[in-house]
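Let me begin by presenting the structure, written as structure tokens, before commenting on it.
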Amino acid sequence: MDVIILSPLENVIIEKLAEIVGEQFISTDDADLVSYSSDFMIDVFLKPDVVILPENTPQIAAIVKLANENSIAITPRGAGTATHGGSIAQGGILLDLTRMNKIKELDPISMIATVEPGVVYEDLNRITGKSGLWFPIEPPSGAVCTAGGMVGNNASGLMALKYGTTKDYVLALEVVLADGSIIKTGKSVLKSSSGYDLVHLFVGSEGTLGIITEITLRLIPKPMHLSTAFASFPSLNGLNDAMNAIYEIRRVLTPAGIELIDLQTQKAINEVEKEKLVPEVEILVIFEIHEFSAAGLEDQKDLIEGVARKHNCNEIHWAKDDEERDRMWKARKAATVVSVRSRTSTLLGDLIVPIKHVPAIIRFIQEVAREKDLLISIVGHAADGNIHYLIPFNQNESKKAFDAGDAIVYKTIELGGSITAEHGVGLEKIKYMELEHGESLSLMRAIKKILDPKGIMNPGKIFPAEKQ
Ligand SMILES: Cc1cc2nc3c(=O)[nH]c(=O)nc-3n(C[C@H](O)[C@H](O)[C@H](O)COP(=O)(O)OP(=O)(O)OC[C@H]3O[C@@H](n4cnc5c(N)ncnc54)[C@H](O)[C@@H]3O)c2cc1C
């Protein structure tokens, strides 16, 4: 898409933007711009021309209208924890939505919440939890990430096996479109067959189709009884043992989550956290189960333990209390961060393959690591087929790290998988979009052109440059 982006912005534009939001909620100060210049992991630093913190939908509509009239890029941002560059901006306006963090309505009868996009995931659940309700996505970044960013990326997390992903909970949206108009799409109802499903067009669109200013979410009852276990698969064939156990368990029950951590990541967790948070074995699996009765929980535990032991699990340890359970999840949540420790940069993969191919893709990643002499750690939502690999590298290793990342992605596509399961395409995964989507990428471009003819909404993301 040909995009004409005005940058740097003229003073007169900055003055008009300041009139919309108020002087204290706009900044062109270099220190502020730098603080928005990266996301959690991508090794790219790009600065916007201006950062704006709007307070409400009319302000956003006015900002977008002005931007559209003057061909100025707008990049929405929640907490900036996406790891592929989706929420960083090369020039133009960076729209920080964290001031819009209100829960506008909580309807415990219909079990629905309507929220502003800047509400933080865990804050929302603290409030809904008082009514026994839950938005069950549980991304490891949940202490900071926002509802808008979760919708932007169609985020998922540690409990996707049982509860699905963000899209399964979004019922309705308010969106400011590229011309500054405001639409409402969807209803506070659990199903509808009325017209095209525009709600789910915006979910996962990474800010490229409009600014989401209100989100209506379905909630579910918070389970009363929870348990978490570490299961150790020590043999050199631990990966096959663990996955065979997981395949068998999935056919008879649906645990809330099943996570897999390789030995390298386990060592990094214990080293960085300076305590032995996890056992060190070939493959460690975390099982999380949820039930509404204590007896039901015990039945699930027995079943999981029986199947795991049949597949050479030598130890399965269920948390004794909430404190131990929290420690187990602390270890898992640290996994993405600790593996980065020894190098200056990191390439983070977020692939997903059909579940039957999980052993094949993990073996392939391990082979690539050996061949290229790289340390690649693997941690993942194993029972969904969603595997994260982290390749920490120094500058002199960057070519082989990126070559390794390419090889892993090509293998993922060959196995029928997708380049990103939950972190989004952003900047980093653009180069694989044609490979994954083929002809349907043209349809995505056509949709983008209808909704954003000037290409001002989060330009440079998702789509590769068009061939001339
Ligand atoms: C340690 C760690 C672990 C993680 N684990 C997971 C995981 O298990 N599962 C998972 O899904 N993700 C995970 N992530 C990635 C990330 O945290 C999530 O995708 C999260 O939902 C992003 O929320 P955010 O508020 O940080 O969004 P941002 O990073 O600010 O934005 C994400 C995308 O949404 C767009 N966007 C933001 N707000 C809006 C809006 N109001 N309207 C339109 N577009 C918008 C942005 O432009 C960007 O493209 C992890 C990240 C970290 C750092």
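What follows is calculated from the coordinates using simple rules that are stated; it is not laboratory data. Because the structure is predicted, anything quoted here is derived from the model rather than measured. Reconstructed Cβ throughout: ideal geometry from the backbone, glycine too, with neighbour counts over all protein chains shown.
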TODO: Quote the FRET efficiency, to the nearest 0.05, computed for Val189 versus Leu435 with a Förster distance R0 of 25 Å and r equal to the Cβ-Cβ distance.
DONE: 0.05
TODO: Please identify every one of the trypsin sites (Lys or Arg not before Pro) in the range 286-376 that sits in a loop by DSSP and has no more than 10 other beta carbons within 10 Å of its own beta carbon.
DONE: Lys320
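Only loop residues by DSSP count here, and only those with at most 11 other Cβ atoms within 10 Å; note down the trypsin sites (Lys or Arg not before Pro) in the range 123-195 that meet that.
Numbers: sites: Arg126, Lys130, Lys162, Lys167, Lys184, Lys187, Lys191; in loops: Lys130, Lys187, Lys191.
Filter output for the range 123-195: Lys130, Lys191.
Just subtract the alpha-carbon distance of Glu371 and Leu226 from 0.36 nm times their residue separation and send over the number in nm, one decimal.
Going from the current span to full extension adds 48.0 nm.
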TODO: Compute the FRET efficiency between Val337 and Glu105 as 1/(1 + (r/R0)^6), taking r as their Cβ-Cβ distance and R0 = 35 Å, and round to the nearest 0.05.
DONE: 0.50
- [ ] Kindly write out, for the range 267-279 in residue order, the coupling ³J(HN,Hα) from the Karplus curve 6.51 cos²θ - 1.76 cosθ + 1.60 (θ = phi - 60°), rounded to whole Hz, with x marking Gly and Pro.
- [x] 5, 5, 4, 5, 5, 6, 6, 6, 7, 7, 6, 10, x
Open item on the list: Compute the helix-to-body angle for 294-310: its Cα long axis versus the longest principal axis of the chain, expressed 0 to 90° and rounded to tens.
Closed with: 70 degrees
Open item on the list: Using a Förster radius of 56 Å, what is the FRET efficiency between Phe45 and Lys276 based on their Cβ-Cβ separation? Nearest 0.05, please.
Closed with: 0.95
Open item on the list: If the only charges are +1 at each Lys and Arg Cβ and -1 at each Asp and Glu Cβ, what is the size of the charge dipole of the chain around the Cα centre, to the nearest 20 debye?
Closed with: 660 debye
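As a test of the definition: which semi-axes, in Å, follow for the range 188-243 when you take the square root of five times each eigenvalue of its alpha carbon gyration tensor? Largest first, please. Walk me through the intermediate numbers first.
On the way: eigenvalues 317, 78, 32 Å².
Rounded to whole Å, the semi-axes are 40, 20, 13.
For the chain, what is the Kirkwood estimate of the hydrodynamic radius, computed as the reciprocal of the mean inverse distance between distinct Cα atoms, to one decimal in Å?
Numbers: mean 1/r = 0.0432 Å⁻¹.
After inverting the mean inverse Cα-Cα distance, the result is 23.2 Å.
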- [ ] Please check which bits of the range 41-66 a label hung off Ala31 would reach, taking the label as a point 7 Å along Cα-to-C-beta and the cut-off as backbone N under 20 Å.
- [x] 46-53
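Using just the helices of the chain, give the 222 nm mean residue ellipticity in deg cm²/dmol: DSSP H runs with n ≥ 4 each add -39,500 (n - 2.57), and the total is spread over all residues, rounded to 500.
Rounded to the nearest 500, it is -10500 deg cm²/dmol.
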Task: Acute angle (nearest 10 degrees) that the helix 358-372 long axis makes with the longest principal axis of the chain, alpha-carbon atoms - done: 80 degrees
Task: Folded to 0 to 90 degrees: helix 398-414 orientation relative to the chain principal axis, Cα - done: 80 degrees
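Counting other Cβ atoms within 10 Å of each Cβ, which chymotrypsin sites (Phe, Trp or Tyr not before Pro) in the range 115-216 have at most 14 and sit in a DSSP loop?
Passing sites in the range 115-216 are Tyr196.
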TODO: Please list the non-local residues whose amide H lies under 5 Å from the amide H of Thr213, H modeled 1.01 Å from N, same-chain partners needing a gap of 5 or more.
DONE: Glu174, Val175, Val176
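Based on other C-beta atoms within 10 Å, arrange Val64, Val44 from fewest to most. Provide the component values of the computation, followed by the final result.
Details: Val64 26, Val44 15.
Least to most surrounded, the residues fall as Val44, Val64.
Can you tally the net charge around Glu371? Count Lys and Arg as +1, Asp and Glu as -1, for every other residue whose Cβ sits under 12 Å from the Cβ of Glu371. If you can, show how the numbers build up before the last one.
Working: positive: Arg370, Lys372, Lys400; negative: Glu367, Asp373, Asp403.
With Lys, Arg at +1 and Asp, Glu at -1, the net is 0.
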TODO: List every residue whose amide H lies under 5 Å from the amide H of Leu133, counting only residues 5 or more places away in sequence or on a different chain, with H placed 1.01 Å from N in the peptide plane.
DONE: Lys222
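Tell me the net charge near Phe463. Cut-off is 9 Å between Cβ atoms, Phe463 excluded, with +1 for each Lys or Arg and -1 for each Asp or Glu. All intermediate terms of the calculation are to be shown ahead of the outcome.
Working: positive: Arg445, Lys448, Lys461; negative: Glu466.
Spelling it out: positives minus negatives among the neighbours equals +2.
What does the net charge come to around Gly22 if you take all other residues with beta carbon closer than 13 Å to its beta carbon, with K and R at +1 and D and E at -1? Walk me through the numbers before you get to the answer.
Working: positive: Lys16, Arg99; negative: Glu15, Glu19, Glu23, Glu55.
Neighbour charge sum, excluding Gly22 itself: -2.
Could you tell me what fraction of 2.2 N^0.38 Å the Cα radius of gyration of the range 225-338 comes to, as a two-decimal ratio? Don't jump to the answer; show the numbers that get you there.
Numbers: Rg = 13.5 Å, N = 114, 2.2 N^0.38 = 13.3 Å.
For the range 225-338, the normalised Cα radius of gyration comes out at 1.01.
Work out, in µm²/s and without decimals, the Stokes-Einstein translational diffusion coefficient of the range 311-468 at 10 °C, 1.306 mPa s, Rh from Kirkwood over C-alpha pairs. Could you put the intermediate results ahead of the total?
Details: Rh = 17.8 Å.
After rounding, the answer is 89 µm²/s.
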